[in-house]
Structures are given as C-alpha cells and as structure tokens.
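Throughout, read-outs are computed from the coordinates displayed, never taken from laboratory work. Since we're looking at a predicted model, the values are computed, not measured. Note that each Cβ is placed from the backbone with ideal geometry, even for glycine, and that neighbours are counted across all protein chains shown.
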Amino acid sequence: MHSTLFPVLLTVLSVSPVFARKSAYAESSECVVTQYKELAPAVSNCTKIVLQDLYLPSNKTLDLSKLLQNTVVTFAGRTKFGFTNSSTFTPIRFGGKNITITSEPGAIIDGNGPAYWDGLGSNGGVPKPNSFVKVNKLNDSVIENLHIVEYPVHGFSISSSDSLTIRNITMDNRAGDAPNRRSGTKPAAHNSDGFDVGSLNRNVLIENIMVFNQDDCVAVTGGNNITINNAYCVGGHGLSIGSIGGKSDNNLTNVVFKNSYVIDSTMGVRIKTNYNTTGFVSNVTYSNIAMTNTSTYGIDVQQDYLNGGPVGTATNGVIIENVLWQNVTGTVTPEANNYYILCGDGSCKNFVFEDVKVVGSANASMCNYPSTGCPS
C-alpha cells in the first residue's frame with residue numbers, strides 16, 4: 001500500500017499555459033488583478049482572471065463567490081491578507097458554476113495566521129476569521145493546485161455544493177505548532193481544521209491533499225456522496241465524521257475515506273456525535289488507512305460530545321449504521337487506546353472490521369459495540 005500512495009503529492013503539477021494578458025476587461029481576455037480595486041470589475045466581466053501578487057487590505061474579502069460561468073481563476077505570486085479583527089470576517093469566498101480555481105507553480109496564499117494565533121483558535125482571545133476559505137454553491141467545479149500557509153483558524157468550509165472536486169491542495173500550518181507570546185506553552189494555532197465538509201453537499205471529491213495542522217485533517221458533518229482519497233495528514237486530529245447532531249443538517253450518507261496516511265495525530269479515524277441530539281450517519285467506509293504515532297485513539301466512535309468535548313455518557317439520538325473499517329492499520333503511543341467505541345443504546349448498527357490492526361497501546365481498549373467487542 002505505502003509504495004503506491006501519494007505519487008501526485010510529490011510531483012510538481014503543470015498548469016495551463018499563461019494566456020496573453022490584456023488590460024481591458026473582456027470575457028475573451030485574461031484580466032490581471034494586482035490591486036484590490038481591480039477585483040470586482042474582473043469578477044463581473046472576465047472569465048479568465050489572474051490574481052498577481054494580490055494584497056487584500058483589512059476588512060476586504062477576496063470575493064470570488066459570484067464568478068461568471070466557466071471562469072478560470074489563477075493565483076500567481078504571493079497572495080497576502082491584512083489583519084481583520086473579526087470572527088465573522090471571511091478572507092476568501094468561492095462560488096459559481098463550471099469554475100476552475102488554480103494557481104501557477106510556486107504561488108502561495110498566505111493567511112497571516114501569526115497575527116491572530118493565541119492558542120485559543122475560535123474559543124476566545126483575539127477575534128479571528130473563523131473560516132479562511134468559504135466554498136458555497138460551487139457546482140460542477142474544480143479547486144486545484146493551491147498552496148495555503150498560516151491560515152488563522154479553520155481552513156476550507158464547504159457547503160451547499162454539488163459535483164465539486166478539490167485536488168492537489170497543501171494546507172501548511174506547521175508554523176503554528178510552536179507556542180508564541182500569547183499562547184503560553186500551547187501551540188499558537190488552534191482549531192485549524194484543514195477541510196470542513198458541512199451541510200447540503202453532494203458528490204464532493206477531495207483528493208491528493210497534504211494537511212499540516214492542529215485539528216481535524218478532514219471533518220465531514222453533512223451531505224451525501226463525499227469521498228476523501230489520498231490524504232496525507234500530519235499533526236492534527238485525523239480523519240473525522242462529525243460532530244453530528246444539533247446543526248442545520250444532521251444527515252450524512254455515503255462517505256468514503258481511502259488510501260490515506262495519518263501521522264503524529266491525536267486521533268486516527270473517528271466518528272463523533274453530539275449528546276442528546278438527533279441525526280443519521282449511514283454507509284461510511286475507511287479503507288486503506290495507515291496511521292503512525294497516534295496519541296489518543298486509533299479507531300474512535302463516540303456518542304457523548306457536549307460543547308465540543310466528551311462527557312462519558314452516550315446518547316442514542318444519532319443513528320450510526322453500516323460502517324466498514326477495511327485495512328486500517330498502524331500504531332498508537334503507549335498512553336493511547338488502540339480502539340474506543342462508546343455507542344448509545346441501540347444507535348450503532350452493522351459495524352464491520354476487515355484486516356484491521358492498530359497496536360502500541362499499554363491500555364485496554366474499550367468497545368461497547370459490537371457485542372463481540374473491539375477488533376482483535
């Protein structure tokens with residue numbers, strides 16, 4: 001398995017040839033945006049947009065949510081953002097139909113995270129943009145070849161999108177692993193999910209991604225037909241379903257995580273639902289997942305989350321059924337648990353483990369479902 005994973009992540013990808021660049025705004029020309037004031041006219045008039053070394057001042061969004069159909073947007077050089085002291089501000093927005101978002105080789109999108117990081121993320125402290133990139137109603141489209149560094153809190157937030165492919169993305173928040181003067185002894189970055197796949201999404205493929213962060217690599221909380229393929233996750237909370245329950249969309253069906261690595265993370269693969277809420281999770285597959293040095297749980301299912309943390313008592317309002325773990329292998333640290341499954345009364349159904357082997361814990365695993373106990 002290891003020899004075949006991630007070849008594309010290690011290859012510099014080619015992009016389409018650079019178009020002849022013209023200054024006049026016309027749908028047939030390539031519009032080069034070098035200043036914020038040029039952005040809105042380009043979005044309204046152009047189907048080929050190049051963002052060249054663009055700086056977004058404070059309180060100014062890179063608003064690409066109303067692109068013309070069939071638009072290609074290309075990031076070039078270094079895109080940078082000023083400091084915006086607000087949790088409701090969104091630095092980047094994507095939306096439209098038949099859209100391609102890409103970049104030239106070497107382009108960087110710099111989220112200015114160190115200006116915000118205080119070890120608290122979205123839990124207080126310095127007000128920070130809660131989501132760096134909001135993807136909403138982006139249909140029949142592709143986001144590819146982006147390299148994002150030092151984003152403030154959550155990375156991608158994806159909602160209400162259909163037939164969307166996200167591929168060849170690097171999310172690099174390694175600079176937030178170290179403490180800073182505001183965070184004390186804690187890592188400076190916090191709540192830095194790579195990809196949050198939220199409500200009302202259908203037919204979303206996320207593949208060939210590298211995420212270095214301090215929270216979920218990918219978290220899927222709603223939608224239908226969601227596939228995560230060829231993910232390389234370092235330092236965060238692994239590959240997650242949830243948390244489910246108490247939100248606008250509490251139904252999730254047909255989710256596949258496959259061909260992925262989880263390294264030096266607190267969790268390997270997990271499903272979490274919220275205490276005393278309702279919802280439905282069905283047809284989930286974790287296939288060909290390798291984890292290394294996981295520090296809390298290798299395979300985790302918990303139905304006891306309240307205010308973002310476990311309380312130890314599961315409730316059964318969210319049904320979890322038809323879950324397959326197939327060729328999920330790897331190691332945890334001695335103080336971790338290989339397996340931890342805490343289901344509500346009757347709310348977990350048809351869990352299947354095939355070729356599953358997580359080792360390394362000095363503690364006994366705990367599984368209250370299935371009746372046969374944890375994988376051997």
I need the peptides 30-38, 110-118 ranked by packing, meaning the mean over residues of other C-beta atoms within 10 angstrom, with the highest value on top. 110-118, 30-38
Considering amide H positions built from the backbone, and no H for Pro or chain starts, which residues 5 or more places from A336, or on another chain, come under 5 Å of its amide H? A362
Within a Cβ distance under 12 Å of K80, other residues only, what is the Lys/Arg minus Asp/Glu net charge? -1
For the stretch 211-271, calculate the relative contact order in percent as a whole number, restricting contacts to Cα pairs under 8 Å that are 6 or more residues apart. 42 percent
So between R174 and S199, what do we pick up on full extension, going 0.36 nm a residue minus the alpha carbon distance? 6.2 nm
Exposure proxy check on L56, L306: fewest-to-most Cβ neighbours within 10 Å is L306, L56
When the dipole is taken about the Cα centre of the chain, and only Lys, Arg (+1) and Asp, Glu (-1) are charged at their Cβ, what size is it in debye, to the nearest 20? 760 debye
Within the set of other residues whose C-beta is less than 13 Å from the C-beta of S243, count the net charge using Lys and Arg as +1 and Asp and Glu as -1. -4
The stretch 334-347 - phi-based ³J(HN,Hα) in whole Hz, Karplus 6.51/-1.76/1.60, Gly and Pro as x: x, 7, 7, 10, 4, 9, 8, 10, 10, 9, x, 5, x, 8
Can you run phi through the Karplus equation (6.51, -1.76, 1.60; θ = phi - 60°) for the stretch 268-276 and list ³J(HN,Hα) in whole Hz, with x for Gly and Pro? x, 10, 8, 10, 10, 10, 8, 4, 6
Taking 0.36 nm per residue of sequence separation and subtracting the Cα-Cα distance, how much length would be gained by fully extending the chain between E104 and D264, in nm to one decimal? 54.5 nm
So, counting K/R as plus one and D/E as minus one, what does the shell of residues with Cβ under 12 Å around G317 add up to? -2
Backbone N within the stretch 312-352 under 19 Å of label point (7 Å from L306 Cα along the Cβ vector): 312-319, 342-347
Taking the Cα centre of the stretch 245-340 as origin, work out the dipole magnitude from +1 charges on Lys and Arg Cβ and -1 charges on Asp and Glu Cβ, in debye rounded to 20. 140 debye
